[in-house]
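*Asks:* Dropping a structure here in structure tokens format, bear with me for questions.
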Amino acid sequence: MAGASAKFKVLLTAGAEQDLEAIHDYIAQFDCVANANYVLDALMEVVEKLSRFPERGSYPKELAALGIKEYRQTSFKPYRVIYRIIGNQVVIMLIADGRRDMQSVLARRLLGA
């Protein structure tokens, strides 16, 4: 398979790192630390897998409806990982609970609205 060995460098923006901390803190506070650690580990695994095949991610429907196709997404449970492929880098822009008003979250974080 052509390109199967190609690896992308995966970077998290400061906002994405804050998202992970907030998700972990929320689960630890309202559930338990073990579950918070499990979700954090699972999200990091999803992020790390993007180093191999970032093109597999779909376009977020909220952005695609606006004709914006520079961002892609993958997910774990209800959490959506929104990222952008720039050259040989995958830049994680946002990690959010998909049950939130994603239109507003995406507009605020990615489009500066």
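The values are calculated or read from the model by the stated rules, or taken from the named source; none is laboratory data. Keep in mind it's a predicted model, so treat the numbers as computed, not measured. Here Cβ is always computed from backbone atoms with ideal geometry, including for glycine, and neighbour counts include all displayed protein chains. Surface accessibility is based on the protein's heavy atoms, side chains included, excluding ligands, DNA and RNA. Shrake-Rupley method; radii C 1.70, N 1.55, O 1.52, S 1.80 Å.
*Asks:* From the set of residues in region 28-67 that are in contact with a Leu (Cβ under 9 Å, 6 or more places away or on another chain), under 18 Å from Val105 (Cβ atoms) and free of Cβ contacts under 8 Å to residues at least 40 places away in the same chain, which is most open to solvent (accessible area, probe 1.4 Å)?
*Replies:* Per the stated criteria, the residue is Leu66.
*Asks:* Quick one: is Ala96 under 12 Å from the mean Cα position of the chain (by Cα) and of a type outside the set (Ser, Thr, Tyr)?
*Replies:* Yes: the conditions hold for Ala96.
*Asks:* If you don't mind, another one. When region 70-113 is examined, which residues are found to be among the polar types (S, T, N, Q) and in contact with a Lys or Arg (Cβ under 8 Å, 6 or more places away or on another chain)?
*Replies:* Gln73, Thr74, Asn88, Gln89
*Asks:* Against the conditions (1) open to solvent by 30 Å² or more (accessible area, probe 1.4 Å); (2) at pLDDT 95 or above; (3) farther than 14 Å from Asp97 by Cβ, where does Asp25 fall short? Just the number, please.
*Replies:* (3)
*Asks:* Could you check, for region 19-34, whether at least one of its residues is polar (S, T, N, Q), under 21 Å from Lys7 (Cα atoms) and over 12 Å from the mean Cα position of the chain (by Cα)?
*Replies:* no
*Asks:* Follow-up. How many of the residues making up region 79-93 are over 8 Å from the mean Cα position of the chain (by Cα), open to solvent by 40 Å² or more (accessible area, probe 1.4 Å) and not basic (Lys, Arg)?
*Replies:* So the count comes out to 5.
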